[in-house]
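Accompanying notes for the structure given below.
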Amino acid sequence: MVQSITETERLNRIKNEEEIVWINPQLEKVEKANQKSTYSLEDVQDVEDRFHRFAAYFEVAFPETKQYKGLLESEITKLNNMHDWLEDQYDMKLPGDFYIKRDDLLPISGTIKSRGAIYEVLKYAETLALEHGMLKNIHESYEKFASEEFRIFFSEFNLMVGTTGNLGISVGAMGRALGFQVTVHVSVDAKQWKKEYLRSRGVEVVEHVTNFSKAVELGRAASEADPKSYFVDDEYSEELFLGYTVGGLRMKRQLEEENIKVDADHPLFVYLPCGIGGSPSGITFGLKHAFGDNVHCIFAEPTKMPSMLIGLDTELYDGISVEDIGLGGLTVADGLAVPRTSALVAKIMRNCFSGSYTLKDDTFKALLTNLYQQEEIFLEPAAVAGLPGPFKLMGSEEGQAYLKEHNLVDKLEHATHIAWGTGGSMVPDADKEAFILEGMGKSIDKA
C-alpha cells in the first residue's frame with residue numbers, strides 16, 4: 001500500500017521513477033469550477049453541431065461510419081476476466097463494474113486523438129470552404145466535401161503537426177482524405193510503423209532526433225514560414241481541446257443506452273492516459289458537463305514522463321519540464337512521452353480532475369500482454385494506462401482519503417469504473433506480437 005508522503009518525499013519518489021498516487025488539492029465542485037472556465041457547454045455543443053454537419057461527408061468518404069450515422073464514436077466493453085486478473089495481481093477486491101472505452105476502434109484513425117485532431121481539420125476545412133465560396137453556408141449538404149472539386153481545392157493547402165505519432169496519424173488520415181498536403185514532424189519517440197503508415201498515405205514525415213516539445217517547436221516554425229500552411233498545435237490548440245470534449249459528453253447517452261446509472265449513489269470513475277493532457281482534459285471537461293460531481297476523472301502517466309502531475313503539483317504548469325527534475329528518456333508508452341504539459345489544458349484542469357497516478361514501463365508491458373490474454377483486446381502500451389486505476393485509487397492512503405472526503409466509500413458497490421482505451425487497432429501484426437511477447441513474465445508494480 002502506498003503510504004502518505006510529504007512533498008519532499010513525493011518529489012524524491014517521482015525522481016526515482018516510483019509509481020505514486022497524487023490527489024489534486026485544487027479540485028472544486030463543478031458549478032464553481034465552471035464559473036472560472038473560459039469554455040462552456042455552448043462551446044461543446046458547437047463542436048457537436050459541426051460533427052453532425054460533416055456526418056453526410058463521413059458516410060460517403062468512410063462507409064464504416066454509416067452504422068453510427070456518420071458520427072465518430074466507440075463502444076464500451078465490460079472487462080470480466082481482466083477484472084479478476086487485476087484483483088489477483090493487486091490482492092484486492094474491486095466492487096462495482098469495470099469497463100473499457102474502445103477508442104482503439106474509432107473510425108478513420110483508431111485512437112483517442114481522432115476526435116480532437118479530426119475536429120480541428122474539419123473546422124479548418126469548413127472555414128476555407130466558406131471563405132473561398134466553395135460552401136455558400138453551413139446549411140448545405142456537406143457530402144460535397146467528398147467531391148474531387150473539393151479535394152483539388154484543399155490540395156493547395158498544407159496541414160502541419162508535431163507529434164510522437166498518434167496525433168499525426170489522425171491529422172494525416174483526415175487531411176489526406178480531404179485532399180490536403182500534410183507534413184508531420186515527429187520526435188524520436190515515434191514508432192517506425194507510424195511513420196511508415198503516414199508515408200504510405202502520401203504524408204511527408206520529418207524526423208527529428210529530439211523530444212516531443214522540440215518537434216512541435218520545429219513544426220510550428222516551419223508552418224509559420226508557409227502562408228498556405230495551418231499548424232495543429234498540440235501545446236496550445238483550443239480546437240483540439242474542444243474536439244475531445246464530445247467524447248465525454250456523449251458518454252451520458254451511451255451509459256443510458258447500456259442502462260448504467262450515474263448519480264450521487266452510483267458514482268462513475270474514469271481513468272484516462274495522459275501525455276501532454278489535451279485528450280484526457282477535453283474528455284474530462286465533457287464528462288463533467290454530462291455528470292457533474294458524480295464523475296471522478298483520474299489521469300495516468302509514465303513514471304518517466306509525469307508532466308501533468310508535475311505541472312499541477314508545482315503550480316508551474318507548462319513552466320516546468322520533467323527534464324528539470326532529471327526525468328525523461330524513452331518510455332514504452334510512446335504516446336505519453338511528453339516532457340511538458342500543455343499550458344492551455346493544465347490551467348483548465350486544475351479545478352476539474354481528481355488526481356493522477358504513475359506507471360513503470362514493466363507495468364505497461366504486463367497490462368498490455370494480460371489484457372490480450374484475458375480479453376483478446378490488443379491496445380498500444382500507452383492505451384492500457386487506465387486499467388489499474390481503480391486499484392491505485394483504492395489501494396493507496398491518498399486514494400482512500402479522497403474516497404472518504406467525497407463520501408464514496410459506502411457507494412463503491414454501485415460504482416462504475418471505465419478505463420479509457422486510446423489506440424491499438426492499427427498496430428501491424430508483427431509489432432503486436434512483439435509487444436505481447438515483451439510483456440510475458442513482466443509483473444505490475446503493486447506499490
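The values are calculated or read from the model by the stated rules, or taken from the named source; none is laboratory data. This structure is a prediction, so every number in the text was calculated from the model and none was measured. Positions of Cβ are generated from backbone atoms using ideal geometry, with glycine treated the same way; all protein chains shown enter the neighbour counts.
Some observations on this one:
- Within segment 220-251, tally of residues that are over 17 Å from residue 272 (Cα atoms) and not aliphatic (A, V, I, L, M): 16
- Check on residue 57, closer than 25 Å to residue 254 by Cα and modelled with pLDDT of 95 or more: yes
- Leading residue by the ranking (surrounded by the most Cβ atoms within 10 Å (Cβ to Cβ)) among those in segment 336-366 that are assigned to a helix (DSSP H, G or I) and modelled with pLDDT of 95 or more: 364
- Of the residues making up segment 73-113, those that are among the hydrophobic types (A, V, I, L, M, F, W, C), within 15 Å of the chain's Cα centre (by Cα) and crowded, with 22+ Cβ neighbours inside 10 Å are 100, 106, 112.
- In segment 166-191, the qualifying residues are those that are in a helix (DSSP H, G or I), crowded, with 24+ Cβ neighbours inside 10 Å and of a type in the set (Gly, Ala, Ser), and the one that is modelled with the lowest pLDDT is 168.
- Residue within segment 327-335 that is surrounded by fewer than 22 Cβ atoms within 10 Å (Cβ to Cβ) and assigned to a helix (DSSP H, G or I) present: no
- Cβ-Cβ contacts under 7 Å between residues 6 or more apart (or on different chains), taken from a first residue in segment 247-267 that is modelled with pLDDT under 95 and in a loop (DSSP other than H, G, I, E, B) to a second residue that is among the charged types (D, E, K, R) and surrounded by 20 or more Cβ atoms within 10 Å (Cβ to Cβ), are absent.
- Candidates are the residues of segment 114-155 that are of a type in the set (Gly, Ala, Ser) and over 22 Å from residue 286 (Cβ atoms); the one that is surrounded by the fewest Cβ atoms within 10 Å (Cβ to Cβ) is 133.
- Verdict on residue 270 being of a type in the set (Val, Ile, Thr) and in a strand (DSSP E or B): yes
- Residue satisfying all of: in segment 399-447; in contact with a strand residue (DSSP E or B) (Cβ under 6 Å, 6 or more places away or on another chain) and part of a helix (DSSP H, G or I); farthest from residue 302 (Cα to Cα) among these: 414
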